[in-house]
């Protein structure tokens with residue numbers, strides 16, 4: 001199997017290389033934690049302090065490992081990183097965590113420490129050399145200690161008030177960035193496409209033509225809504241978050257809202273397709289009312305009245321125009 005990969009196997013590493021690998025891993029993890037802290041500092045300063053503390057803990061362990069290497073092997077540390085070793089645990093790139101909620105980022109950090117501990121423990125079990133086994137066991141204990149340090153740092157920097165405050169900020173950011181533009185898109189896609197779809201349906205009674213019109217209207221509206229949302233506000237002053245995220249939320253939900261009652265017209269029988277499309281419209285409108293009630297704190301009956309009446313008027317306009 002060694003001929004099929006350019007990476008080293010962990011079992012083939014010398015004790016010096018294992019130590020060098022641990023040093024580079026500690027350095028990488030410290031940089032990841034500092035990136036988390038920098039990313040969260042503006043909105044979640046208390047959690048940023050936790051990651052600053054975790055980065056300092058990693059630096060302390062790295063310095064201890066470097067001292068151990070200097071004592072046993074000298075000043076020159078071999079260049080070996082986790083991507084050079086087959087089967088070694090990987091780290092998620094920091095930019096992939098930017099869209100994760102706050103609690104998920106905390107869980108990601110905890111998983112980083114658990115992965116390292118588990119790997120060193122398993123490696124120690126497979127080692128036949130007593131010195132290497134002791135070294136790997138010490139590294140596993142150090143990684144386990146990192147987890148306890150993280151818990152201690154959270155207790156120091158994240159009291160109940162801080163958690164509640166940061167949780168409220170995260171919830172508000174989620175609503176502004178995803179729910180609000182997504183809801184606007186769903187409303188636009190569900191309501192604005194009713195008239196053209198049902199007008200064509202009643203005018204032609206051709207299900208395939210109706211589907212094509214609905215597909216074009218939904219996708220066109222989604223693209224338009226997405227670009228409009230993204231271009232309308234860069235989020236820097238309003239605090240509504242990334243325009244790209246908002247544009248995606250608005251565009252996708254607009255298309256979904258229109259496609260919901262266009263898809264039934266893939267059924268060849270006109271009245272079967274139309275009745276199913278009406279049922280879908282009813283579900284869409286009630287879903288909009290539920291989202292408004294849950295996330296926007298709009299009284300459910302008022303939200304339902306608004307969307308149902310509005311949708312009924314648009315549907316009636318389309319049906320009348322198509323029938324005429």
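Looking at segment 259-271, is at least one residue over 29 Å from residue 293 (Cα atoms) and surrounded by 18 or more Cβ atoms within 10 Å (Cβ to Cβ)?
Yes; the residues of segment 259-271 include at least one that is over 29 Å from residue 293 (Cα atoms) and surrounded by 18 or more Cβ atoms within 10 Å (Cβ to Cβ).
Whether any residue in segment 152-167 is more than 24 Å from the chain's Cα centre (by Cα), modelled with pLDDT of 70 or more and assigned to a helix (DSSP H, G or I) is what I want to check.
Looking for residues that are more than 24 Å from the chain's Cα centre (by Cα), modelled with pLDDT of 70 or more and assigned to a helix (DSSP H, G or I), one finds none in segment 152-167, hence no.
Out of the residues in segment 41-56 that are surrounded by fewer than 22 Cβ atoms within 10 Å (Cβ to Cβ) and assigned to a helix (DSSP H, G or I), state the one that is modelled with the lowest pLDDT.
46
Please specify each residue of segment 1-40 satisfying the condition of being modelled with pLDDT of 80 or more and not in a helix (DSSP H, G or I).
Across segment 1-40, the qualifying residues are 8, 13, 14.
Got a number for residues in segment 65-80 being at negative phi and free of Cβ contacts under 8 Å to residues at least 40 places away in the same chain?
Residues in segment 65-80 being at negative phi and free of Cβ contacts under 8 Å to residues at least 40 places away in the same chain: 5 in total.
The values are calculated or read from the model by the stated rules, or taken from the named source; none is laboratory data. Since the model is a prediction, treat every value here as computed from it, not as a measurement. Glycine also receives a Cβ, built like all others from the backbone with ideal geometry; neighbour counts cover every protein chain displayed.
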